[in-house]
Amino acid sequence: MSAPDAYYITTPIYYVNDSPHIGHAYTTLACDVLARFMRLDGRRVKFLTGTDEHGQKVEQKAREAGIDPQAFTDQVSQNFRDLAKAMNFSNDDFIRTTEPRHVRACQALWRQLEAAGQVYLGSYAGWYAVADEAFYDEGDLTAGPGGKKIAPSGAVVEWVEEPSYFFRLSQWQDRLLEYYARTPCPVAPETRRNEVVSFVKGGLKDLSISRTTFKWGIPVPGDPAHIMYVWLDALTNYITAAGYPDVDGSDYRTFWPASLHMVGKDILRFHTVYWPAFLMAAGLEPPQRVFAHGWWTNEGQKISKRLGNVIDPLELIKKYGLDQVRYFLLREVPFGNDGDFSHRAMVNRINADLANGLGNLAQRVLKMINGSCGGTVPEPGPLTPADEALLTAAQGLHARVRQELEQQAFHKALDALWEVIGAGDRFVNDQKPWSLKKTDPARMNTVLCVLAETIRHLAILTQPFMPQASSRLLDFLAVAGTDRNFAALASRTLAPGTSLPAPEGVFPRYVEEGEGVAVRA
Ligand code: MSP
């Protein structure tokens, strides 16, 4: 069992044949927010992402590019590291499946499966979709143009007939069903769990786990004519990065089983059927949780290279700002559902929630402190019930946000934070500190102090979502670097008399100019 304070979170490893797009950025962003939250909450975090570099699809792409697959993957894997940097992702490790540590782990897992009597040699005759690197039954296919057969994912399948090693997946039905019944539920959201349960109840066939018709992959130990099935290779990355096969090592003992594998809904079955079955068959623990999120469309249309509407995260960042994009992606759509990306929705969120919401509240309060309290944190007097109510709401946020994030409900966590921003706005309007300046300066000090303390809570708790903007807010409140974790929420307050730097706006309004040309104000 992993250590109780450990939190091991993983993204899928990305196919290097594609350039990074909004879908990849979204999955990793969700993990980044959780990793940052858990670190600030005092957990020992391991956050893993990386690239999936083997298989027929990548081999084909390298051939099209006229270069050797290793040189090709070296080149394109870098795009995903660049994305991680541009999105300010805080991953602790970046795995590439072509690394020696991974080849070693895959071969060790294979041997362990073999030793457990879970692997046998046979021959495969059936349909395979290179685009998905997946096998399909005849009954799953539909007729496509030119007599081609099409998988439910839309990928074209081809007939494959070759010798193959098989994994005895058919023996794992009962134990998988027991696994899905565990509490807390290892597959989320609930609808996805039901989907997997009914798939497994329908019966499982043994799985082909090696191919002989291409070379770009990890050779089967003892029979190098066979290359391991790319999904067996890819899934193993999660234990490679935890130090497997060194199961007595401190990394493995601390972090395995993973707390959460974050995946898109299209790769649910690989993660919740094949992966736990491989692990249990090898005598290893299955992951504690797999969460399958939805897909983004662009202005109502499926995102695809063919339609030319792929959304490049780097362009979004340039156009709207990094923290604005991070906020939007996790706020706009209930996590788990599909979502539509539109320029209008993005601008609404930037202006309503960030510029007019958090940005405006902070700016109003900090400006008043700067102008009316000599730029230092004011000394509070006795608190009124209205002061207490706002402070109690702010102090309750940590537990609420934690509870929502434990369920990967990012939108609800942000809702809770924005409720307090709304309460802060109402408090400013009711208390009118600008009038108190003349009539009751001591009361003005108390009101501004309560507001500054509320903003401290908001800024500390929004750090995982918007690391740069929140850290600027904390700079304006002169909160020391060591006091920005969640333990400081309860144990510290702003010290009266602390001098504060002159505040500046943190969230500019997005202003449309002229014929659809947009600039940031
Ligand atoms: N290489 C496999 C994963 C192996 S994990 C052991 C793979 N790679 S992928 O690059 O095709 O996809 C990675 C992730 O991106 C998936 O979780 C997928 O759901 C996600 N997305 C791809 N397009 C997407 C959208 N349009 N919207 C949201 N996420 C989508 O699968």
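Observations on the structure shown:
- Residue match in segment 224-244 (condition: assigned to a strand (DSSP E or B), without any contact (Cβ under 8 Å) to a residue 12 or more places away in the chain and more than 12 Å from the ligand (Cβ to nearest atom)): yes
- Filtered residues of segment 105-125 (kept if crowded, with 19+ Cβ neighbours inside 10 Å and at positive phi): none
Every residue, every condition in (1) at pLDDT below 95; (2) within 12 Å of the ligand (Cβ to nearest atom); (3) of a type outside the set (Gly, Ala, Ser); (4) surrounded by 18 or more Cβ atoms within 10 Å (Cβ to Cβ), yes or no:
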| residue | (1), (2), (3), (4) |
| --- | --- |
| Ser259 | no, no, no, yes |
| Met262 | no, yes, yes, yes |
| Ile267 | no, yes, yes, yes |
| His271 | no, yes, yes, yes |
| Trp275 | no, yes, yes, yes |
| Leu279 | no, no, yes, yes |
| Glu285 | no, no, yes, no |
| His293 | no, yes, yes, yes |
| Glu299 | yes, no, yes, no |
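- Just so you know, in segment 48-76 the residues that are under 23 Å from the mean Cα position of the chain (by Cα) and of a type in the set (A, V, I, L, M, F, W, C) include one that is surrounded by the fewest Cβ atoms within 10 Å (Cβ to Cβ), and it is Val76.
- Residues located in segment 506-521, provided they are exposed (fewer than 15 other Cβ atoms within 10 Å of the Cβ) and either on the phi < 0 side of the Ramachandran plot or at pLDDT 85 or above (or both): Val511, Glu512, Glu513, Glu515, Val517, Ala518, Val519, Arg520, Ala521
- Some residue of segment 299-319 being closer than 24 Å to Leu405 by Cα and not in a helix (DSSP H, G or I): no
Conditions tested, residue by residue: (1) touching a helix residue (DSSP H, G or I) at 6+ places or on another chain (Cβ under 8 Å); (2) more than 30 Å from His457 (Cβ to Cβ); (3) open to solvent by less than 20 Å² (accessible area, probe 1.4 Å).
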| site | (1), (2), (3) |
| --- | --- |
| Met1 | no, yes, no |
| Pro20 | yes, yes, no |
| Val33 | yes, no, yes |
| Phe37 | yes, no, yes |
| Asn79 | no, yes, no |
| Lys85 | no, no, no |
| Phe89 | yes, no, no |
| Thr98 | yes, yes, no |
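- Residue count for segment 126-149 under the criterion of being farther than 22 Å from Val273 by Cβ and either hydrophobic (A, V, I, L, M, F, W, C) or surrounded by 13 or more Cβ atoms within 10 Å (Cβ to Cβ) (or both): the result is 3.
- Of all residues in segment 182-207, those being over 23 Å from Ala258 (Cα atoms) and crowded, with 21+ Cβ neighbours inside 10 Å number 1.
- Any pair with Cβ under 8 angstrom, 6 or more apart, that starts in segment 252-277 at a residue that is under 15 Å from Leu204 (Cα atoms) and ends at one that is among the charged types (D, E, K, R) and assigned to a helix (DSSP H, G or I): Thr272/Arg192; Ala277/Arg175
- On inspection, Trp231 passes the criterion of being on the phi < 0 side of the Ramachandran plot, open to solvent by 10 Å² or more (accessible area, probe 1.4 Å) and either of a type in the set (A, V, I, L, M, F, W, C) or in contact with a Phe, Trp or Tyr (Cβ under 9 Å, 6 or more places away or on another chain) (or both).
- Residue check, Leu316 of a type in the set (A, V, I, L, M, F, W, C), more than 14 Å from the ligand (Cβ to nearest atom) and either more than 21 Å from Met87 (Cβ to Cβ) or open to solvent by less than 20 Å² (accessible area, probe 1.4 Å) (or both): no
- Set side by side, the residues Pro496, Pro467 differ, and just one is more than 18 Å from Ala399 (Cα to Cα), modelled with pLDDT of 95 or more and open to solvent by 50 Å² or more (accessible area, probe 1.4 Å), which is Pro496.
The values are calculated or read from the model by the stated rules, or taken from the named source; none is laboratory data. As the structure is a computational prediction, the values presented were derived from the model and not from experiment. Backbone-built Cβ (ideal geometry, glycine too); neighbour counts: all protein chains shown. With ligands, DNA and RNA removed, areas are computed over all heavy atoms of the protein, side chains included. Shrake-Rupley method; radii C 1.70, N 1.55, O 1.52, S 1.80 Å.
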